[in-house]
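Every number in this text was worked out from the coordinates using simple rules, so none of it is lab data. Given the structure is predicted, the values throughout are model-derived calculations rather than measurements. Every residue, glycine as well, gets a Cβ built from its backbone with ideal geometry; the counts of neighbours run over all protein chains shown.
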Amino acid sequence: MSQTARISVLRQGSGGPGMPSASAPIGETFAVARAPNRTTADSRPGEGDHGQPAPGGPLPADEQPEVTVASEHAGGPGGSDTGHRNRRPAVFIIGFIVLAALVLGGSYYWYANLDLVSTDDAYVDGRVVTIAPQISGLVVSLDVTDNQYVHRGDPLIHIDPRSYMSERNRAQGALDSAKAQAAGERLATEISRKNFPALFQQAQAQLLTAQANLTKAQADYDRQSTLPKAATAQQEVDAALAALRQSKAQVMQAEAQVQLSSSVEQHIGESDAQVEQLNGQVEQAQAQLDQAELNLSWTVVTAPQDGWITRRNVEMGNYVTPGQQIFSIVSPDVWITANFKENQLDGLRPGQSVKIDVDAYPRLDLRGHVDSVQMGSGSKFTAFPPENATGNFVKIVQRVPVKIVIDSGLDPKRPLPLGISVVPMVSVR
């Protein structure tokens, strides 16, 4: 019984003598036919005890193996095409599955983003309060440091208060003096309200007295002038005439005094005006005192609201002046300013929900809503807005700022610095 061994031979080029040509396909299988084992006792030299060839011994000529070539691609000239045809259905199925997955994925992405409007031109915005001293002076105490959180009313710096205390004391003295003068004038006015009517009545009484004396003097003179010269002396006549003239003068003086005293209301009004003038001086002195006390209070610069200290520009020992920027306070109240393109505004409405992705904190899930749309594009409020009515015109898509209020998701341990980039996605339906 013959035994056949199959041997695979890998070609690398054209074979040597006795080998099949290089045109044969790689990986051919050779069938080796062995002669039956000889187990008889007439073993030839070189065989083992059981008739097997001795190791390393040559085979006899009549037992040389018959080598035949059997190609794996049997079937004639078309054997290679048959293998390719067997692999084509699998390639088609895999390609169809990949194409279907791409179509389904693209459709889902399109449908999921159909109602979303987004922009990467967005950033965190908020209120920044500039802190500047109201008075000038030397900084004697610095009570805060960079990026410190402060509350409303917390002291920030102290300015040397000694000169302002001196001004306050001087204003206080001027106020006390003005108040004393005003009080004295008010007393004088009360007295004049009684004196001026009494003086008027006194002048009227003196006029009546002068008129009575004039009547008596006139009667004495008439009597003396009508008497015969033998019945009176010239001296008596002259005396009566002098008394008459004196009485007339007294009447004129009394009338003048009555006229002077008759303006009682005017005199009282004058006194009241002086009182008002002194009251004005009191108020002026009070204002100077208030200003001095206000300047003294401004020697302690306090925080106007809660927030973080930023851009500190002062050190202890610096001389500061009014209006000099020494701090900025960033308020905790922040929002998102998103600059949407003008062709994205059609679906935007106040109140629409917004999902906000923060580049700095990828795991932060912020939610908010559209608050308002600015009534003007960003270019309209620049220092030099474009003049489209002059020269050539090139249409540029404008961007309009939209304010988005954050409703939830803020982490107190991760404050949002102003100006960092975010990506809002607005659900327009």
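For VAL98 and ASP306, the FRET efficiency from 1/(1 + (r/R0)^6), where r spans their Cβ atoms and R0 equals 51 Å, is about 0.35.
Assuming R0 = 22 Å, can you tell me the calculated FRET efficiency for the pair ASP160 and GLN325, based on Cβ-Cβ distance, to the nearest 0.05?
Working: r = 20 Å, r/R0 = 0.91.
For ASP160 and GLN325, the calculated efficiency is 0.65.
Pairwise inverse Cα distances across segment 290-337, averaged and inverted, put the Kirkwood hydrodynamic radius at 13.1 Å.
Where in segment 154-249 are there trypsin sites (Lys or Arg not before Pro) that are in a DSSP coil and have at most 11 other Cβ atoms within 10 angstrom of their Cβ? Mind dumping the intermediate values first?
Working: sites: ARG162, ARG168, ARG170, LYS179, ARG186, ARG193, LYS194, LYS216, ARG223, LYS229, ARG245, LYS248; in loops: LYS229.
Filter output for segment 154-249: LYS229.
Dividing the mean sequence gap of close Cα pairs (under 8 Å, 6+ apart) by how many residues segment 187-328 holds gives a relative contact order of 29 percent.
Check segment 164-296 and count each lysine pair with an alpha-carbon distance under 30 angstrom, considering only pairs eight or more places apart or from different chains. The number of close lysine pairs in segment 164-296 is 4.
Return the ratio Rg/(2.2 N^0.38 Å) for segment 272-429, where Rg is computed over Cα atoms only. Intermediate values should be presented prior to the final figure.
Details: Rg = 25.3 Å, N = 158, 2.2 N^0.38 = 15.1 Å.
Scaled against compact globular proteins, the figure is 1.68.
Return a whole-number percent for the relative contact order of segment 85-208, with Cα pairs under 8 Å and 6 or more residues apart as the contact set. Show your work: numbers first, answer last.
Numbers: 24 pairs, mean separation 17.6, N = 124.
Answer for segment 85-208 is 14 percent.
Since only GLN181, GLN235, ASN295 are under comparison, the one whose Cα sits farthest along the positive direction of the charge dipole of segment 164-296, derived from C-beta charges on Lys, Arg, Asp and Glu, is GLN235.
The GluC sites (Glu not before Pro) of segment 301-392 that meet both conditions, a loop assignment by DSSP and at most 12 other Cβ atoms within 10 Å of the site Cβ, are GLU315, GLU387. For segment 330-422, the set of chymotrypsin sites (Phe, Trp or Tyr not before Pro) satisfying both a DSSP loop assignment and a count of at most 12 other C-beta atoms within 10 Å is given as PHE393. Taking the alpha carbon gyration tensor of segment 164-296, multiplying each eigenvalue by 5 and rooting it gives semi-axes of 62, 12, 8 Å, largest first.
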